[in-house]
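Coordinate-derived values only; no laboratory data. All values derive from a computational prediction rather than experimental measurement. We place every Cβ from the backbone using ideal geometry, glycine too, and count neighbours over all the protein chains shown.
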Amino acid sequence: MRSNADVAAIHAVIASMNLHHIRYFLRLAERLHFWQTAELLGLTQSSLSRHIQGLEQELGFALFERRQRTVRLTAAGELLQTEWARLLAELEAVQRHARQVSAGEVGSLRLGHVGSVAYAWLPRLLAGFTARYPLVQLELREIGAADSQAQLLTYQLDVGFWREPARNPALVSVPIFDEPLALAVPAAHPVRADTFTSLAALRDERFILPSLSDEGAYAQALRRMFEGYGYQPRRTITSDFGATILSLVAAGLGVAVLPMSYADSPTPGLRYLPLPHHSTVYLTCRRDERSVVVENLRAEATRLAAAQAAGPHQAV
């Protein structure tokens, strides 16, 4: 059995040598025929002989016993054939892995998101991303925009999609897509798509909305929207969770204004009427982010947003 010193010496040799010479040696060790090996490698026989001789001179001992018509490995050559074949395979595997890491083809990604994108847009995004990068491990977290910035700054998340642009200068937000807002009503509600004109006619309705006292961009947009209709909505229930709001609307407890993404929700008993207002979804990550995996996700999100063929949502 070889000692650790012997193995270390073999590693040191392979690290210091021309890998082409080692590959030539391994091919010749397989065939034990100079002319055939030279032809396989695209070399002349004399050129292959010079490479092998140079390798033997560098090592200080013979690798082959050459006779008039035959070639055979020496004992040292047999040892190096076994070790170098294994080490070269390991080296090539490491090089392949390094290329994949450099291209963002392997790695992990902790992705935060607002709940509304989970119904249709996020699955489409991840379907395209995982098809391109099947070796990237994904961890998804549904989390609000306020908590998301803290988790990005403390490296608990790598990237995410929210309706609030980052305020912290250490983060950067890129708009990815806009989508219309919708009025969600119970299926039996008297307001119909063919008679609905605007929210101005619903000032007496009970609304189920997120908190409008929040200083975030989405809450501010909702406040401005209602101010434009000349009233503040009558709210008996407040929730920041879209799935909860849908369930309450379906139960007849009020109506809601939500991003149209929620129309893809499986919650039954609801109808959605598009509104002439929009909400922007942003991709947010650390400003100094250098991960190629994050950049690949951003590129995929940009491609999806640009290529979506579906027309505007219709009232359902």
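Reducing the range 231-249 and the range 292-308 to their Cα centroids gives an inter-centroid distance of 32 Å. Binning the C-alpha pair distances of the chain at 10 Å intervals from 0 yields a P(r) profile of 5, 20, 19, 13, 10, 9, 9, 8, 5, 1, 0 %, listed from the shortest bin outward. Taking the three principal axes of the alpha carbon atoms in the range 56-214, the coordinate ranges are 105, 37, 20 Å, sorted in descending order. Exposure proxy shown here: for VAL71, VAL255, VAL174, the number of other Cβ atoms within 10 Å sets the order, fewest to most, as VAL174, VAL71, VAL255.
Once both labels are positioned 7 Å from their Cα atoms along Cα-to-Cβ, the gap between ASN18 and GLU39 label points is 2.4 nm.
What is the log10 of I(q)/I(0) for the range 161-316, computed with the Debye formula using one identical point scatterer on each Cα and no solvent, at q = 0.11, 0.19 Å⁻¹? The computed values of log10 I(q)/I(0) come out as -0.49, -1.22. Using alpha carbons only, how many degrees (0 to 90, rounded to 10) separate the axis of helix 292-307 from the longest principal axis of the chain? It is inclined by approximately 50 degrees. Note the angle between two axes, namely the Cα long axis of helix 217-228 and the longest principal axis of the Cα atoms of the chain, as a number of degrees from 0 to 90, rounded to the nearest 10. Value to nearest ten degrees: 30. Both the radius of gyration and Dmax for the range 144-249 are 16.4, 50 Å, in that order, over alpha-carbon atoms.
Distance between the modelled labels on GLN137 and SER108, one decimal in nanometres: 0.4 nm (7 Å Cα→Cβ projection). Per-residue 3J(HN,Hα) values for the range 241-247, derived from phi via the Karplus relation 6.51 cos²θ - 1.76 cosθ + 1.60 with θ = phi - 60°, read 10, x, 4, 5, 4, 4, 4 Hz in sequence order (x marks Gly and Pro). Remark: spin-label model distance ASP288-THR236 equals 5.3 nm, labels positioned 7 Å along the Cα→Cβ axis. Computed extension length for GLN68-ARG99: 6.6 nm, one decimal, from 0.36 nm per residue of separation with the Cα-Cα distance subtracted.
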